[in-house]
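Colleague: Take a look at this one; I'll ask things after.
The values are calculated or read from the model by the stated rules, or taken from the named source; none is laboratory data. Being a predicted model, the structure only gives us computed values, none of them experimental. Here Cβ is always computed from backbone atoms with ideal geometry, including for glycine, and neighbour counts include all displayed protein chains.
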Amino acid sequence: MNGAQGGDLFSLSAIPNGLAASANKGTATLQVTVQPPPNSGTTAMAASNYEISFTSASAGSVTRLSDGKVTAFASVSPLQIDGLNIAVSAGALTAGDRFLITPFQ
């Protein structure tokens, strides 16, 4: 009150990093964030988990698990899908690596 501007009424909590499959040969860690405006951001988010599968050190596909929609990509720099940014934050990827993205857990 008293004319002071208030803070955000709602805010998103941090999204967990991608969960690496136990069989991964690479050492990469995937960081997941919400795309900032004016990009799609929260308005494009889907209520789904995602599986990311790599066919090389940079290319692969993302499967939206709620409906099975598959999106191929040639580079992770960052990968943008359904309002999410997915980037390699550390380590290296190898063909066959898989990650589970759980933005709402």
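Colleague: So, in the range 58-105, exactly how many residues are in contact (Cβ under 8 Å) with a residue 60 or more places away in the chain and in a loop (DSSP other than H, G, I, E, B)? Give the steps one after another, and end with the answer.
Modeller: Taking the range 58-105 first, the residues in contact (Cβ under 8 Å) with a residue 60 or more places away in the chain are 84, 86, 88-94, 96-103, 105.
Cutting the leftovers down to in a loop (DSSP other than H, G, I, E, B) gives us 91-94, 96-97, 102-103, 105.
So the count comes out to 9.
Colleague: Considering the range 71-85 alone, what residues qualify as being within 14 Å of T55 (Cα to Cα) and either small (G, A, S) or at pLDDT 90 or above (or both)?
Modeller: T71, A72, F73, A74, S75
Colleague: Applying the selection to the range 61-89, what residues are at positive phi and touching a strand residue (DSSP E or B) at 6+ places or on another chain (Cβ under 8 Å)?
Modeller: Step one: of the range 61-89, the residues at positive phi are 68, 82-83.
The answer is D82, G83.
Colleague: If you don't mind, another one. Report the residue count in the range 25-43 for those that are outside any loop (DSSP other than H, G, I, E, B) and modelled with pLDDT of 70 or more. Break it down into steps so the answer makes sense when it comes.
Modeller: Filtering the range 25-43 for residues outside any loop (DSSP other than H, G, I, E, B) gives 29-34, 41-43.
Adding the requirement that they be modelled with pLDDT of 70 or more leaves 29-34.
Qualifying residue count, the range 25-43: 6.
Colleague: Another question, if that's okay. Considering the range 66-94 alone, what residues qualify as being surrounded by 14 or more Cβ atoms within 10 Å (Cβ to Cβ), among the hydrophobic types (A, V, I, L, M, F, W, C) and over 21 Å from P37 (Cβ atoms)?
Modeller: Answer for the range 66-94, where residues must be surrounded by 14 or more Cβ atoms within 10 Å (Cβ to Cβ), among the hydrophobic types (A, V, I, L, M, F, W, C) and over 21 Å from P37 (Cβ atoms): F73, V76, V88, L93.
Colleague: Considering each residue of the range 3-24, count those that are exposed (fewer than 10 other Cβ atoms within 10 Å of the Cβ) and at pLDDT below 80, and give that number.
Modeller: First pass over the range 3-24, keeping only residues exposed (fewer than 10 other Cβ atoms within 10 Å of the Cβ): 3-11, 13-14, 22-23.
Still in the list and also at pLDDT below 80: 3-11, 13-14.
Total satisfying the criteria: 11.
Colleague: Kindly list the number of the only condition in (1) among the polar types (S, T, N, Q); (2) at pLDDT below 95; (3) closer than 17 Å to F104 by Cβ that fails for T63.
Modeller: With respect to (1) among the polar types (S, T, N, Q); (2) at pLDDT below 95; (3) closer than 17 Å to F104 by Cβ, T63 is out only on (2).
Colleague: Take the residues of the range 48-57 that are part of a strand (DSSP E or B) and either under 10 Å from the mean Cα position of the chain (by Cα) or among the hydroxyl-bearing types (S, T, Y) (or both): which is farthest from G91 (Cα to Cα)? It would help to see each step written out before you state the result.
Modeller: Residues of the range 48-57 that are part of a strand (DSSP E or B), as a first pass: 50-54.
Keeping just the survivors that are either under 10 Å from the mean Cα position of the chain (by Cα) or among the hydroxyl-bearing types (S, T, Y) (or both) gives 50-53.
Details: Y50: 21, E51: 19, I52: 16, S53: 16 Å.
In this case the residue turns out to be Y50.
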